[in-house]
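K.L.:
The structure that follows is given in the form of structure tokens.
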Amino acid sequence: MSTRLAEQLAAQGLFAKKSLGQHFLLDPSINRRIAQLAGPLEGQTVLEIGPGPGGLTRAMLDAGAAKVLAIERDARFAAFLQDLAAQSIGRLEVIEADAQDIDEAALLAERGLSRAIICANLPYNIGTALLIKWLKAPSPWRGPMCLMFQKEVAQRICAKPGSDAYGRLAVLAQSVCQARLEMSLPAGAFTPPPKVASAVVRLDPLAAPFGDLAALETVTGAAFGQRRKMLRQALKPLGNSEDLLAQAGLPGEARAETIAIEGFWALARAWRARAP
């Protein structure tokens, strides 16, 4: 733990709020490692969600980020970070807001910026929702993402067909990005310790991502919503499942967890061609 940062928090009576999913990572060496995984950051704009006391924020500034836009919902920490913002001489901007309500493209455009790396120790309670939001965002503004999740969620993002963790989240994420689990952390690395382990995932945009995430959400929602059933049964809510599967070139007796990501692309295209 960073003794100095911990002492500053204690002196100001600042503590994590369970309602906001806050678990602070204060160890400078771990934060430096995460900044390295997000990098190289020299000259880059970085979007950070939930900086809290700013352990990772400091590491990214030290790594040479030209601009860090830190979105902090908690007014206590938005205020706490103002000294660091002043010391950064314009390189850190703290924005008090809920990340779920932010229009990232507009936020960047207002500042004359067009692209940002996303690097954050995400609040557990909104991490998956934010990831899906970013996966569906127009790609020109979004660079690589380096994100901390609960380890179980990280494993689901990076899972391959045939594994227990493979599901809708893996298909959506890997249809837009190359996903790699880069680093695992025990609960004891955080203040206060959560009840679960955590992991950092690096997501790099694909050169040719699948373009219809809405259709993909629909077919994966049906397929994995009843993952123990054969696809011909699971996909019935979408209409004539046998015809849909035939158009996608998929066997009706297969189950969702065995289908490669490209198979879901074919299924999404087939469903879209039939959709009113």
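Since every read-out is calculated from the coordinates, none of them should be taken as a lab result. All figures in this text were calculated on a predicted structure; none of them were measured in a lab. Counting neighbours? That spans all protein chains shown, and the Cβs are built from the backbone with ideal geometry, glycine included.
K.L.:
What is the calculated FRET efficiency for Glu110 to Gln8, with r their C-beta to C-beta distance and R₀ = 35 Å, to the nearest 0.05? Intermediate values should be presented prior to the final figure.
P.N.:
Numbers: r = 31 Å, r/R0 = 0.89.
About 0.65, to the nearest 0.05.
K.L.:
What whole-number volume per residue, in cubic angstrom, does the convex hull of the C-alpha atoms of the chain give? Spell out each step's value before the answer.
P.N.:
Details: hull volume 35.9 nm³, N = 276.
That works out to 130 Å³ per residue.
K.L.:
A follow-up question, please. Given N residues in the range 127-209, what is Rg(Cα) / (2.2 N^0.38 Å)? If you can, show how the numbers build up before the last one.
P.N.:
Working: Rg = 13.0 Å, N = 83, 2.2 N^0.38 = 11.8 Å.
Compactness ratio reported: 1.10.
K.L.:
Okay, next question. How big is the Kirkwood radius of the range 83-164, worked out from every pair of different alpha carbons and given in Å to one decimal?
P.N.:
Values: mean 1/r = 0.0681 Å⁻¹.
Here the Kirkwood hydrodynamic radius works out to 14.7 Å.
K.L.:
Shifting gears a bit: With only alpha-carbon atoms in the gyration tensor, what are the semi-axes of the equivalent ellipsoid for the range 213-274, in Å, largest first?
P.N.:
14, 12, 11
K.L.:
Report the extension gain between Glu152 and Asp83 in nm, rounded to one decimal, defined as 0.36 nm multiplied by the number of residues separating them, less their alpha carbon distance. Show your work: numbers first, answer last.
P.N.:
Working: separation 69, 0.36 × 69 = 24.84 nm, distance 3.55 nm.
Full-extension gain reported as 21.3 nm.
K.L.:
Could you grab the relative contact order for the chain? Cα pairs under 8 Å, six or more apart, rounded to a whole percent.
P.N.:
For the chain, the relative contact order is 14 percent.
K.L.:
Of the listed pairs Lys67/Lys160; Lys17/Lys160; Lys18/Lys236; Lys195/Lys236; Lys67/Lys133; Lys160/Lys236, which have alpha-carbon separations greater than 32 Å here?
P.N.:
Long pairs (Cα-Cα over 32 Å): Lys67/Lys160; Lys17/Lys160; Lys18/Lys236; Lys195/Lys236.
K.L.:
Report the extension gain between Ser163 and Ser29 in nm, rounded to one decimal, defined as 0.36 nm multiplied by the number of residues separating them, less their alpha carbon distance.
P.N.:
Roughly 45.0 nm would be gained on extension.
K.L.:
Could I ask something else about it? Using 0.36 nm per residue of separation minus the Cα-Cα distance, give me the extension gain between Asp204 and Glu96 in nm, one decimal. Please report the intermediate quantities before stating the final value.
P.N.:
Values: separation 108, 0.36 × 108 = 38.88 nm, distance 2.74 nm.
Contour length minus the Cα-Cα distance gives 36.1 nm.
K.L.:
In addition: Sorted by mean Cβ packing within 10 Å, highest first, what order do the peptides 126-136, 96-106 take? Numbers along the way, then the final one.
P.N.:
Numbers: 126-136: 18.1, 96-106: 13.9.
Descending mean neighbour count gives 126-136, 96-106.
K.L.:
Which value, in debye to the nearest 20, gives the size of the charge dipole of the range 213-274 about its Cα centre, when Lys and Arg are +1 and Asp and Glu are -1 at the Cβ?
P.N.:
Its charge dipole is roughly 160 debye.
K.L.:
Find the Cα radius of gyration of the range 1-85, compare it with 2.2 N^0.38 Å by division, and give the number to two decimals.
P.N.:
Working: Rg = 12.5 Å, N = 85, 2.2 N^0.38 = 11.9 Å.
Relative to the 2.2 N^0.38 Å estimate, the range 1-85 comes out at 1.05.
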